[in-house]
Every structure is written in structure tokens, then in C-alpha cells.
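**Q** One structure, pasted below without further comment.
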Amino acid sequence: MAQDKKIAVLGDGGWGTTLAIHLYNKGYAVSLWGAFADYVAYLDKKRINTKFLNGIKIPKDILITHDIKKAVQDAHLIIVAIPSQFLRKTIRRLKKIDLSEKIIVSVTKGIEHPTLLRMTEVIHEELGKNKKLAVLSGPTIAQEVARGIPTTAVVATHDQNLNKYLQDVFMTERFRIYTNDDVIGVELGGSLKNIIAISCGISDGLGFGTNAKAAILTRGLVEITRLGMAMGAKKETFFGLSGLGDLATTCMSPYSRNRFVGEQIGKGKKLKDVISHMQMIAEGITTTQAAYQLSKKYKVEMPITCEVYKVIYKNKSPLKAVKDLMTREKKEE
């Protein structure tokens with residue numbers, strides 16, 4: 001593997017910054033692009049991402065820039081760490097640049113609304129079907145990875161040679177990478193788990209216990225799997241790192257933005273007030289809307305997702321949502 005090759009990371013949030021540092025430490029030349037010029041200038045000077053990854057030093061040799069052309073110039077690999085609602089707009093900026101020999105890896109977890117497209121579908125739609133494209137996903141809390149805490153993730157693409165190459169690019173003794181060819185399942189697992197994390201947060205906010213959280217996590221996995229299979233994913237993918245692994249982490253971690261949002265709603269706060277005080281984006285909010293529409297489109301039963309949607313978008317009482325879930329028609333497991 002040629003360690004002198006350059007990697008560009010688009011997105012200076014917590015995960016993008018973590019991956020930039022991680023790959024720099026592996027010996028790559030790394031650039032980190034941010035959308036907001038003022039914050040990019042601050043990062044370049046301060047060398048600590050105080051908003052999204054506080055306490056972690058960014059090496060001085062990582063190029064931090066607001067110039068997207070400069071960021072991707074000479075890069076053989078582009079990592080896309082842009083929030084889902086801004087991804088298409090950012091990818092369009094790459095269309096004027098020669099990307100013919102470049103590999104793109106999406107680490108964005110979300111579903112575009114209102115198109116209901118997965119992130120790789122958005123990228124392919126903008127850059128063409130022939131683009132070398134992969135997904136990196138799994139239970140990867142940025143703060144933990146940045147601190148060198150053992151973590152596992154999965155890279156997914158239909159090209160097995162590319163899978164193995166990317167496995168080598170990202171893998172270290174503290175960041176173990178598996179490969180998968182189920183791109184649909186890996187993407188959906190990473191996106192839909194955020195809805196269940198909001199639900200677990202609501203449970204926490206209401207003061208419920210471990211029993212309730214275990215029930216939400218377990219039954220949430222069932223409905224994620226149902227929708228995923230209806231959309232062409234493999235059932236077993238949802239019991240792997242990008243499914244159950246990511247779901248468990250996001251539902252339990254104190255760093256989880258989506259669990260936090262749910263917790264605040266469970267405590268009686270309004271969604272708009274919760275969001276207004278957050279620096280980072282909780283992808284589960286827009287993903288809930290997209291998943292609710294996908295459940296209707298594919299005629300898949302998703303009761304937890306449906307209730308989270310009603311709480312967020314229809315102002316339904318969280319306690320009423322819990323009662324309606326608990327008193328549904330009796331069923332076999």
C-alpha cells in the first residue's frame with residue numbers, strides 16, 4: 001500500500017475530523033475540508049475542533065481548507081462526512097473537478113428527504129453510476145475512536161478488490177475493519193438505527209428503565225430489518241456491526257446526539273428548542289420522516305418508527321405513544 005498517497009476528508013464535524021487524524025497517523029497526506037470559512041480559519045489556527053471533537057489535537061501537517069478543489073486535488077481517496085441534508089449540494093461542487101481516478105467513501109448516515117434515496121444513491125445520481133464508491137459504517141463514536149479505544153466497523157462495496165483495499169487503508173490495531181458486499185443493508189442499518197435511538201432517548205427522558213430500553217432496541221431491530229429486506233438488503237447484515245452493533249451503541253452512548261434529542265423530548269421539551277441549542281446535527285430527525293414514508297411505500301409495519309414520527313412531527317404525547325405501542329394487537333414474536 002502506497003503510504004504517500006493523499007486522502008481528502010470532506011466535512012469537519014467530529015467524525016470527519018477523527019478520520020482525518022486517524023489516516024494521518026497511518027502515514028497518509030490528509031486534507032480536511034469545511035463548509036464554513038470562519039470555522040475553518042479557527043480550526044487551522046486553534047488545531048482543536050472545540051465544537052465537535054474537543055480535547056483532540058489536530059496535527060499541524062493536516063491541511064485544513066475551505067477550498068474544496070484544493071482539498072481534493074491530487075487525492076486518490078475522498079471521504080464524504082457531510083450531514084445527509086447537505087450532501088447533494090456538496091457533491092455537486094465536485095462535478096467540475098476531474099474525479100476519474102478517485103475513490104469515494106461515504107461515512108454519512110442518513111436518508112435524503114424527500115427523495116428517499118440512500119447516500120450512495122445520491123452520490124451516484126450526481127457523479128454517475130461508474131464512480132468507485134464505498135460505504136464505511138458501524139458503531140463508531142468519534143470521541144472513542146479519536147482516543148484510541150478499540151472499535152470495529154465495516155466497509156461495503158460490490159467490488160471485492162476495492163473492499164480489501166479500503167480495509168487496509170482504514171484498519172489499525174485499534175480500529176478493526178470488516179468487509180461486506182451488502183451496500184443497501186450497511187447504509188440502511190447506519191441510518192435507521194438513529195430513529196430507534198431517539199425512541200430510547202424518549203424512554204430515558206420519561207424515566208423508564210432497562211427493560212423498556214431492551215424492548216425498544218430489540219423490536220426496533222425487527223422493524224429496521226423488515227424495511228431493509230423489503231428494499232433489497234440481506235437479513236444477516238442487520239445482525240452485524242452496521243446493524244445491531246451501531247444500534248446498541250447509539251441507543252446507549254452518552255455521546256449519541258439522537259438519544260439526547262429523544263431524552264429531551266421525553267422530559268417535555270419541544271424539538272425546536274432542543275435543536276436550537278445543539279452544535280451537531282441529529283440525523284435521526286429527518287431520517288424518521290423518510291423512514292415513515294418508506295414504510296408506507298413498501299407496506300412494511302414499523303410501529304416504533306411510526307410513533308416516533310408522530311411525536312416529532314405531529315406533536316403527539318410521548319406517554320400516549322408508549323401506551324399505543326404497548327396496547328397494540330397481540331402477536332407472536
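The values are calculated or read from the model by the stated rules, or taken from the named source; none is laboratory data. Remember, predicted model here, so these are calculated numbers, not experimental data. Because the Cβ atoms are built from the backbone with ideal geometry, glycine has one as well, and the counts that use them run over all protein chains shown.
**Q** Residues of the range 14-44 being among the small types (Gly, Ala, Ser), surrounded by fewer than 19 Cβ atoms within 10 Å (Cβ to Cβ) and in a loop (DSSP other than H, G, I, E, B), which ones?
**A** Listed by number, the residues that qualify are Gly27, Ala35.
**Q** If you check every pair at least six apart or on different chains, which have Cβ atoms under 7 Å apart with a residue in the range 95-116 that is over 20 Å from Phe170 (Cβ atoms) first and a residue that is among the hydroxyl-bearing types (Ser, Thr, Tyr) and buried (at least 24 other Cβ atoms within 10 Å of the Cβ) second?
**A** From the range 95-116, the pairs are Gly110/Ser191; Gly110/Thr287; Ile111/Ser191; Ile111/Thr287.
**Q** Using the structure shown, decide if Lys320 is under 18 Å from Ala212 (Cα atoms), free of Cβ contacts under 8 Å to residues at least 12 places away in the same chain and assigned to a helix (DSSP H, G or I).
**A** Yes, satisfied.
**Q** Specify the residue that is surrounded by the most Cβ atoms within 10 Å (Cβ to Cβ); the eligible residues are those in the range 227-250 that are touching a strand residue (DSSP E or B) at 6+ places or on another chain (Cβ under 9 Å) and polar (S, T, N, Q).
**A** Ser242
**Q** When you go through (1) surrounded by 22 or more Cβ atoms within 10 Å (Cβ to Cβ); (2) of a type in the set (Lys, Arg); (3) farther than 30 Å from Ile97 by Cβ one by one for Arg219, which number turns out not to apply?
**A** Checking Arg219 against (1) surrounded by 22 or more Cβ atoms within 10 Å (Cβ to Cβ); (2) of a type in the set (Lys, Arg); (3) farther than 30 Å from Ile97 by Cβ, the one that fails is (1).
**Q** Please note which helices (runs of 4 or more DSSP H) are completely contained in the range 199-281 and include at least 1 residues that are over 24 Å from Ile177 (Cα atoms).
**A** Once the helices (runs of 4 or more DSSP H) in the range 199-281 are filtered for at least 1 residues that are over 24 Å from Ile177 (Cα atoms), what remains is 210-230, 257-266, 271-276.
**Q** Looking at the range 68-85, can you tell me whether even one residue there is more than 25 Å from Asn163 (Cα to Cα), modelled with pLDDT of 95 or more and among the β-branched types (Val, Ile, Thr)?
**A** Scanning the range 68-85 turns up at least one residue that is more than 25 Å from Asn163 (Cα to Cα), modelled with pLDDT of 95 or more and among the β-branched types (Val, Ile, Thr).
**Q** Could you grab the pairs with beta carbons closer than 6 Å, sequence gap of 6+ or different chains, first residue in the range 43-55 and farther than 25 Å from Ala282 by Cβ, second one in a loop (DSSP other than H, G, I, E, B)?
**A** These pairs meet every condition: Arg47/Ile58.
**Q** So which of Val186, Val169 ends up being at pLDDT 95 or above, under 17 Å from the mean Cα position of the chain (by Cα) and surrounded by 16 or more Cβ atoms within 10 Å (Cβ to Cβ)?
**A** Val186
**Q** Going by the conditions given, is Ile149 among the aliphatic types (A, V, I, L, M), over 20 Å from Leu23 (Cβ atoms) and surrounded by fewer than 17 Cβ atoms within 10 Å (Cβ to Cβ)?
**A** So Ile149 does not fit the description; no.
**Q** Which residue pairs have Cβ atoms closer than 7 Å, lie 6 or more positions apart in sequence or on different chains, and pair a first residue in the range 298-309 that is on the phi < 0 side of the Ramachandran plot and part of a helix (DSSP H, G or I) with a second residue that is surrounded by fewer than 21 Cβ atoms within 10 Å (Cβ to Cβ) and among the β-branched types (Val, Ile, Thr)?
**A** Close Cβ pairs satisfying both conditions: none exist.
**Q** Of all residues in the range 166-196, which are free of Cβ contacts under 8 Å to residues at least 40 places away in the same chain and either closer than 19 Å to Lys131 by Cβ or of a type outside the set (A, V, I, L, M, F, W, C) (or both)?
**A** Gln167, Glu173, Arg174, Arg176, Thr179, Asp181 - these are the residues of the range 166-196 that are free of Cβ contacts under 8 Å to residues at least 40 places away in the same chain and either closer than 19 Å to Lys131 by Cβ or of a type outside the set (A, V, I, L, M, F, W, C) (or both).
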